[in-house]
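Chemist: Following this message is one structure expressed as structure tokens.
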Amino acid sequence: MTSNGLDNKRTKYRVLASTLMRVGASRVQLLDGDNTLFACPDGPADFAICQADCKVSKLCPRSEETELNPVKDQPALIVRSHSSDLSLQIQGLAGEEWKNTVQIVFDMMNDLINADSEFDNITGALVETQDRLVALYDLTQATRRILDIPTLLDLLIKESKNMLNVVGGFAILTQKGKPSIIHQISDTPLPKAHVEAAAALFRHNPSRHTFKDSETLPPGLRNVLLVALPVRDEIFGVFGVFNKSGVFTSPDIKLAKAIADHIGAQLENAFLHEEAIERARLETELDLARQVQTALLPQSIPSVNGLDIYATSIPALEVGGDFFDLIAQPDKPFVFAIGDITGKGISSALLMAMTRTVARAATRNMPFTQPHQIMQRLNNDLFDDFSSVGMFTTALIGLFDPATRKLSVCNAGQSPVFYIPCGKAPILLEASDIPIGVLYVYSYISETIELSSGDIFVAATDGFPEARNQSDEMYGYERIKNILAKSTQCSAHEIADILLASVKNHSSARPQDDDCTVVVLKIK
């Protein structure tokens, strides 16, 4: 027991000493090891107290006139505490009976004093625990509706500073492929590199939570307490407080974990909220992109003498990479185009818009008489754009002359393409050229078909034959051929609808795998 602890209990030991003086002791000393903590009588004050106690005691064998000076030559009776280094040296009392009695009384007093001290410690710990629980409850209430990540990290560190009595704290969130989020509050902020170095200690040994400056801590850190900040599996989060005046204890670690667990759950909600906002923003942008892309496609079917025409495109996602165009100009051949940019989504949609724009500009403004000339222009103008992103596009461009009923086509890898002569079976037309964006130096060619009444020409994208059902079976070319063979008496619009319905029925509940675009021409 320390002298500071004894100062608070001195009165109780004086009572014991006075009691022993009343029953015949001439001198009582309390020692801690070899150090005398007090003696009775010893000095004017102690002597007066003991003397006063002895005069009023009827048990004291000495008269009031008896001088109370210490009897130094008497042998001392010594009793020792069983729970500390304290001992009593008593002069004036002797014998085994006195020793046993004093030993029992001394031990009882020490036990009572220790019990009082432990009770005080428990009371203090309970008060501190209650204060921390109240603070933790207040923190949970304060963060219930907060979805801002910096604000949550601020509360995490500020409340931890107050509850753990530290100089500062920090939180670090690390996600692969993204810069780390480091948030810190301190009167003397640590450099970013020091925060990352401290977090690395915990990453290498997550079962350990406290480190001292003698254990390779970065400069500026005397001690640090580190716990995991649980957010999500792909994010490594660490919460730390540093430079406590004393040492970090087990209750400190438990409290830091409790705070980190609660804030981690709130951070997860904040991340989900941010993702929801981002999804909503993206959905809005995609919807706008879909509207723009839809506006780029022909809004009506042109009227061409002697020709029944229909075309449509159904994207697999909000926006797609398929396109078609129908261009009818006075005293010029009717021009149509269909194409399929590799991939799906935004990137394909952007290249689709570029391809469709270049093709329309070339058709309207250039003196081209054959479709391969338009295709050549497309490849020359777009090769750099496609090759820079590792993409390409299949395409088919056709020119129909109503006067001669001749159809000229240039097919750059587009499939499926069917020609159905009136009264005969559908014929699959193979592509004669490579897609746009594969080779910069390449010469495209055109082929001509002489059409008759009732002949049908169908060009589609690979979303039709590659559509899959629940058993992962593709729709295939043969089904397309059979549908076309059974639909020769239908209009161009009806043929397209029947084909689309058949593909949808094949895929059933499975989501659409790819964009589906089709152009149907039928000679009236």
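The values are calculated or read from the model by the stated rules, or taken from the named source; none is laboratory data. Given the structure is predicted, the values throughout are model-derived calculations rather than measurements. Note that we place each Cβ from the backbone using ideal geometry, even for glycine, and neighbour counts take in every protein chain shown.
Chemist: Those residues that are modelled with pLDDT under 85 and surrounded by fewer than 22 Cβ atoms within 10 Å (Cβ to Cβ), I need them from segment 362-375; list them, please.
Modeler: Ala362, Arg364, Asn365, Met366, Pro367, Phe368
Chemist: Could you say which residue among Pro219, Pro230 is of a type outside the set (A, V, I, L, M), part of a loop (DSSP other than H, G, I, E, B) and within 20 Å of Pro150 (Cα to Cα)?
Modeler: The match here is Pro230.
Chemist: Looking only at segment 1-44, filter to residues that are of a type in the set (A, V, I, L, M) and outside any helix (DSSP H, G or I); which one of those is modelled with the lowest pLDDT?
Modeler: Met1
Chemist: When segment 464-506 is examined, which residues are found to be crowded, with 17+ Cβ neighbours inside 10 Å, among the polar types (S, T, N, Q) and touching a residue at least 40 places away in the same chain (Cβ under 8 Å)?
Modeler: Within segment 464-506, just Thr488 meets the criteria.
Chemist: Please go through segment 185-202 and pick out each residue that is surrounded by 13 or more Cβ atoms within 10 Å (Cβ to Cβ), without any contact (Cβ under 8 Å) to a residue 24 or more places away in the chain and assigned to a loop (DSSP other than H, G, I, E, B).
Modeler: Pro189
Chemist: I'd like the full set of residues that are under 47 Å from the mean Cα position of the chain (by Cα), farther than 21 Å from Phe336 by Cβ and not hydrophobic (A, V, I, L, M, F, W, C), limited to segment 480-513.
Modeler: Within segment 480-513, Ser502, Lys504, Asn505, His506, Ser507, Ser508, Arg510, Pro511, Gln512, Asp513 meet the criteria.
Chemist: Return the residue satisfying two criteria in turn: it lies in segment 248-262 and is in a helix (DSSP H, G or I) and free of Cβ contacts under 8 Å to residues at least 60 places away in the same chain, and of such residues it is surrounded by the fewest Cβ atoms within 10 Å (Cβ to Cβ).
Modeler: My answer is Ser250.
Chemist: Among the listed residues Leu173, Leu201, which satisfies the condition of being farther than 18 Å from Ile253 by Cβ and either assigned by TED's automatic domain parsing to the domain that holds Leu229 or of a type outside the set (Ser, Thr, Tyr) (or both)?
Modeler: Exactly one of Leu173, Leu201 is farther than 18 Å from Ile253 by Cβ and either assigned by TED's automatic domain parsing to the domain that holds Leu229 or of a type outside the set (Ser, Thr, Tyr) (or both), namely Leu173.
Chemist: Now for a different question. Could you tell me whether segment 490-498 includes any residue that is at pLDDT 95 or above, closer than 17 Å to Leu407 by Cα and part of a strand (DSSP E or B)?
Modeler: No, segment 490-498 contains no residue that is at pLDDT 95 or above, closer than 17 Å to Leu407 by Cα and part of a strand (DSSP E or B).
Chemist: If Ala460 satisfies every condition in (1) within 22 Å of Ala395 (Cα to Cα); (2) among the hydrophobic types (A, V, I, L, M, F, W, C); (3) surrounded by fewer than 14 Cβ atoms within 10 Å (Cβ to Cβ) but one, which is the exception?
Modeler: (3)
Conditions (1) in the same structural domain as Thr19 (by TED's automatic domain parsing); (2) part of a loop (DSSP other than H, G, I, E, B); (3) at pLDDT 50 or above; (4) surrounded by 15 or more Cβ atoms within 10 Å (Cβ to Cβ), marked per residue:
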site	(1), (2), (3), (4)
Asp46	yes, no, no, yes
Cys54	yes, no, no, yes
Leu59	yes, yes, no, no
Leu77	yes, no, yes, yes
Thr129	no, no, yes, no
